[in-house]
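The values are calculated or read from the model by the stated rules, or taken from the named source; none is laboratory data. Quantities reported herein were computed from a predicted structural model and do not represent experimental measurements. Glycine gets a Cβ as well: all are built from the backbone with ideal geometry, and neighbour counts include every protein chain shown.
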Amino acid sequence: MNDPRVEKLASLLTNYCVAAQPGDKVVIMGAAGVMPALIATYRAVIQAGAHPFIQLQDYALEEILLKEGNDDQIQFIDPAHLLITETYDCRIYISGGSNTRTLSSVDPARQALRQKAQRELLDIRMRRSAAGQMRWVGTLFPTNPQAQDADMSLTEYEDFVYRACFIDRDDPAAAWRAMSATQSRLVDWLHGKKQVRVQGPHADLTLSIADRVFINSDGRNNMPSGEIFTGPVEESVNGWVRFTYPAIYQGREVEGVELHFRDGEVVRANAGKGEAILQSALNTDPGARYLGEFAIGTNNGINRFTRSILFDEKIGGTFHMALGAGYPQTGSRNRSAIHWDMICDMRDGGQIWVDDELFYESGHFLV
């Protein structure tokens, strides 16, 4: 039986998130396991008068390349993929369907080599997005592998995902516009501010946001969304943070990550589990040791950890930071082949001070 929520999600992705227009070229990316969502989104793009193209991406194919390919093959950038990245108007990426542990046995050094080669595509996407030349969104179609990661049955996980995306509402787009208005007030308050201090049981950090822009993430680039984020001044970060949730990197869990910063750079890093993965990622390139993002999650409808960063970084009452590439529209200048989000709970007494004013405490905004 067809689930009407799939068609509703496809419509939201097409008409609200990327706002596909007649004549737009739209690439729809995903694994074979999310085919119902790919088909529904293809139909929605056709109905919008745009030109859809399906691009299959699957961890199983990536595993073959990384385990059996030589260095030249691993570093090869397909000209067709490059052309799409450089010229298409919209990009819809639908994750899910694949075993999230597929790459767990792959040598991290080979994964890092692939990641470095892909940096050109990431830079192009970020530049075109910042210039308004490409609209994009990433989402997840609920399937058994992700449900298992989240310790839920598939039915329970489907309900969780569609509820987080407001698909259970009569008008999902209207619900996202309402969240946008709420977050807009916070972004407006932060405009022109200069200094942030994060304090609490898990962090004591200072960073500069001078001349940087906070972005209202209201479901247009991530579905679901619910965060405000910026790119901190690269050399300004000092102090330490111990992330309370596992950090997921290419399907692998790294637990108990603790980072120490001096003048923006990670000078000490350790983890209770997966430290080799952490160190390999930090050594990807010079930008991997600097922050590209500082963000606060605002989606109180996402109240449990699921091992999917798309959902987990939006958990209300948390903040997260990303090592590596920053978004140019925030003013970030950090460039890297990686963008690795790590999440910290603030609901147990964490505070965020902005220019010596208490902005946020124990998961609640105070302005």
Grab the strands (runs of 3 or more DSSP E) fully contained in segment 192-308, keeping just those with 1 or more residues being buried (at least 19 other Cβ atoms within 10 Å of the Cβ) and modelled with pLDDT of 95 or more.
195-200, 203-208, 215-217, 227-230, 238-242, 247-249, 252-254, 258-262, 291-297
In segment 166-191, residue surrounded by the most Cβ atoms within 10 Å (Cβ to Cβ) [restricted to those that are β-branched (Val, Ile, Thr) and within 11 Å of ASN216 (Cβ to Cβ)]
VAL187
Quick one: which residue in ARG43, ARG5 is without any contact (Cβ under 8 Å) to a residue 40 or more places away in the chain, basic (Lys, Arg) and either closer than 19 Å to THR85 by Cβ or surrounded by fewer than 22 Cβ atoms within 10 Å (Cβ to Cβ) (or both)?
ARG43
Check GLY317 against each of (1) crowded, with 22+ Cβ neighbours inside 10 Å; (2) touching a Gly at 6+ places or on another chain (Cβ under 7 Å) and name the one condition it does not meet.
(1)
Applying the selection to segment 309-322, what residues are at pLDDT 95 or above and within 12 Å of the chain's Cα centre (by Cα)?
PHE311, ASP312, GLU313, LYS314, HIS320, MET321, ALA322
Those residues of segment 29-51 which are out of contact with any Cys (no Cβ under 9 Å at 6 or more places or on another chain) and outside any helix (DSSP H, G or I), in sequence order
MET29, GLY30, ALA31, ALA48, GLY49, HIS51
Does segment 5-53 hold any residues that are at pLDDT below 95 and closer than 22 Å to ALA164 by Cβ, and which are they?
ALA31, GLY33
Which one of these is at pLDDT below 95, in a loop (DSSP other than H, G, I, E, B), surrounded by 18 or more Cβ atoms within 10 Å (Cβ to Cβ) and in contact with a Gly (Cβ under 8 Å, 6 or more places away or on another chain): SER104, SER98?
SER98
For GLU158, work out the one condition from (1) assigned to a loop (DSSP other than H, G, I, E, B); (2) in contact with an Asp or Glu (Cβ under 9 Å, 6 or more places away or on another chain); (3) surrounded by 15 or more Cβ atoms within 10 Å (Cβ to Cβ) it doesn't fulfil.
(1)
So how many residues does segment 5-19 have that are out of contact with any Gly (no Cβ under 8 Å at 6 or more places or on another chain) and either of a type outside the set (A, V, I, L, M) or part of a loop (DSSP other than H, G, I, E, B) (or both)?
8
Considering only segment 77-95, state which residues are aliphatic (A, V, I, L, M) and assigned to a loop (DSSP other than H, G, I, E, B).
ILE77
Could you grab me the full set of residues in segment 146-195 that are over 30 Å from THR102 (Cα atoms), touching a Ser or Thr at 6+ places or on another chain (Cβ under 7 Å) and of a type outside the set (Lys, Arg)?
GLN183, GLN195
Name the one entry in GLN329, GLN351, GLN279, GLN250 that is within 19 Å of HIS202 (Cα to Cα) and of a type outside the set (A, V, I, L, M).
GLN351
